[in-house]
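One structure, as structure tokens, below. Some questions next.
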Amino acid sequence: MRTAVIGAGAAGITAAYELSKAGHSVDVFEAAPVVGGLGRSFDLWGQRVDLGPHRFFSCDARINRLWLEVIGRDYAMIDRLTRIYYRKRFFHYPLKPFDALSNLGGWESTRCLASYATEKFRTRAASHDLSFEQWVTSRFGRRLFEVFFKTYSEKLWGISCEDLDADFAAQRIKKLSLLEAIKNAFQIGTTQHKTLVDRFAYPKEGSGALYTRMADFIERKGNKVYLNSPIQRLMSDHGHVTGVELSTGEKRLYDHVVSTMPLTLLVKSLSGVPDSVRAAVDGLSFRNTILVYLEIDSKNLFPDNWIYVHSPELQTGRITNFRNWVPELHRGSENSILALEYWCNRDDTLWSDSHDSLAATASAELRKTGLIGKANILRGHVERLNRCYPVYRRGYKTLVSHIAKWINGINNLTPIGRYGSFKYNNQDHSLLMGLLAAEKINQGAKHNLWDINTDYESYQESAVITELGLRSEHQEELPIPTGTLQPA
């Protein structure tokens with residue numbers, strides 16, 4: 001069995017790693033010069049950084065065993081501290097009721113509580129086509145929606161919250177409501193909502209260590225990871241994918257192709273696409289990210305891992321302080337590296353702004369927050385990331401379902417990952433997709449990978465990562481695997 005894997009991000013490299021473990025012949029084709037996709041890490045100014053904040057957390061024992069198999073003991077547990085910046089004030093996230101009430105002030109707090117109470121007594125007609133705005137308002141009240149959800153969400157997606165599908169809320173904050181948030185704050189009950197998880201495991205070499213180690217293992221098993229190797233098209237014959245054609249024109253034959261390239265580009269790379277499927281693809285879009293890294297002449301700025309920026313007067317949506325992750329990242333430097341995130345479309349002027357212009361914008365906005373006081377900003381660096389976020393515009397599920405139905409009729413092709421399945425995956429969801437894709441190829445398993453999403457809870461076994469390894473749902477400590485993936 002010869003398999004091609006398109007893309008060396010979380011889902012793709014995991015599928016290739018699992019197939020390599022099983023003895024399959026695998027070639028990985030990555031358009032970028034490095035592996036890891038959105039989860040990669042890189043060196044900058046003598047330190048190490050990620051592409052924004054990458055928290056890994058899962059309750060799925062399969063995924064956690066895989067993660068530990070690769071990382072071994074080279075990780076630390078991080079106590080998460082994140083806050084929301086809104087109109088020159090900082091709010092703890094998760095919610096701390098007295099902190100929130102104090103920051104909002106008496107009048108604004110009264111408005112929020114009255115709005116929430118009004119919503120609880122309102123009768124809404126049942127609908128399966130709710131907007132994000134309708135979904136959040138029904139659970140938190142209109143005023144809290146306007147303060148803590150509207151601006152940030154519209155920065156991220158570039159569309160109004162009325163045009164954003166409620167599926168985003170259902171996946172990301174699911175069962176959470178104002179009442180549940182307050183219960184979590186006062187530790188009433190024992191269930192911690194996944195959105196509010198305040199402790200997570202992190203590799204000492206950065207988030208990307210997981211993927212570089214997998215890639216090293218794949219090559220040690222005699223398989224290949226080709227970098228700077230974009231795919232031009234997929235070759236097919238009578239409903240069977242037979243191989244790939246590289247951008248150089250070189251053609252290679254394979255028994256199976258796993259694709260993590262954007263679903264829209266995958267369809268366009270195939271022949272014989274029906275007009276209705278092409279029309280569905282034209283209705284989907286991705287959002288781009290610009291990361292502006294700033295080196296600050298200080299090692300003591302603010303304690304957060306990252307901060308959500310909800311203030312409408314600022315363009316940035318999130319600020320990460322890499323100083324506050326693990327000391328192995330800053331490597332003893334006296335300076336701190338911050339990353340400010342900006343989201344845009346390809347035709348937005350921001351996307352084509354120069355490095356200097358973006359660095360100046362980020363520096364000015366950072367000053368406005370007061371987060372760095374009078375500390376000097378030494379230099380800037382810009383990373384532009386294409387097609388990071390699949391836009392959940394209302395009606396997108398119908399379009400994806402139509403595309404998926406057609407793709408399911410093509411043998412030997414498996415689309416997975418955030419890009420490949422048009423799902424707003426976290427790392428753990430993409431790892432699971434890669435693992436299950438390998439099981440389909442290796443064992444003939446009947447997994448429906450389109451069903452894997454950010455709200456899945458169908459664990460075969462529940463366990464979380466702790467300092468000692470895995471802790472099962474019965475509070476039993478399971479040791480860290482002494483696996484095959486320590487660095488050669």
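Ranking request for peptides 296-308, 45-57: highest mean number of other beta-carbon atoms within 10 Å first, then the rest in descending order.
Going by the mean number of other Cβ atoms within 10 Å, highest first, we get 45-57, 296-308.
Here is a follow-up. Using the Karplus curve 6.51 cos²θ - 1.76 cosθ + 1.60 with θ = phi - 60°, work out ³J(HN,Hα) for each residue of the range 147-156 in order, rounded to whole Hz, and write x for Gly and Pro.
Computed from phi, the couplings for the range 147-156 are 7, 10, 10, 4, 5, 4, 5, 6, 4, 5 Hz.
Just to be sure I understand: if I project the alpha-carbon convex hull of the range 270-390 onto a plane and average over all orientations, what area do I get in nm²?
Its average projected convex-hull area is 9.9 nm².
Just need the relative contact order of the chain here, percent rounded to a whole number, with Cα pairs under 8 Å and 6+ apart.
This gives 26 percent for the chain.
Please give the length that would be gained between Glu467 and Asp347 if that part of the chain were fully extended, namely 0.36 nm times their separation in residues minus their C-alpha to C-alpha distance (nm, one decimal). Walk me through the intermediate numbers first.
On the way: separation 120, 0.36 × 120 = 43.20 nm, distance 4.56 nm.
Value of the extension gain: 38.6 nm.
Starting from 0.36 nm per residue, how many nanometres of slack lie between Arg384 and Asp99 once their C-alpha separation is accounted for?
Contour length minus the Cα-Cα distance gives 99.0 nm.
So what are the radius of gyration and Dmax for the Cα set of the range 1-154, in Å?
Cα radius of gyration and Dmax of the range 1-154 are 22.6, 67 Å respectively.
Given R₀ = 60 Å, what would the calculated FRET efficiency be for Ala279 paired with Met77, taking r from the Cβ atoms and rounding to 0.05?
Plugging the Cβ-Cβ distance into 1/(1 + (r/R0)^6) gives 0.80.
Further question: Cα to Cα, under 23 Å, and not fewer than 8 places away if on the same chain: which lysines meet these conditions relative to Lys397?
Reachable lysines: Lys150, Lys155, Lys174, Lys175, Lys268, Lys405, Lys423, Lys446.
Could you give the distance between the Cα centres of the range 304-331 and the range 340-396, to the whole Å?
Here the two parts' Cα centres lie 12 Å apart.
If each residue of separation counts as 0.36 nm, what is the full-extension length gain between Ser25 and Glu219 once their alpha-carbon separation is subtracted?
Additional length available on full extension: 68.8 nm.
Which of the lysines could a cross-linker bridge to Lys299, judged by Cα under 22 Å and excluding same-chain residues fewer than eight apart?
Excluding near neighbours in sequence, the set is Lys204, Lys368, Lys374.
Here is a follow-up. How fast does the chain diffuse by Stokes-Einstein, in µm²/s, taking the Kirkwood radius from C-alpha pairs at 4 °C and 1.567 mPa s?
Value of D from the Cα-based Kirkwood radius: 55 µm²/s.
Quick one: if the Förster radius is 22 Å, what FRET efficiency do Trp406 and Asp129 give, using the C-beta to C-beta distance and rounding to 0.05?
Efficiency at R0 = 22 Å is approximately 0.40.
Could you rank the peptides 154-161, 272-279, 215-222, 137-144 by their average count of other C-beta atoms within 10 Å per residue, with the highest value first?
Highest mean packing first, the order is 137-144, 154-161, 215-222, 272-279.
Any read-out appearing in this document is the output of simple, stated calculations on the displayed coordinates, not a laboratory observation. These numbers come from a predicted model, not from an experiment. In this analysis, Cβ positions are derived from the backbone assuming ideal geometry, glycine residues included, and neighbour counts consider all displayed protein chains.
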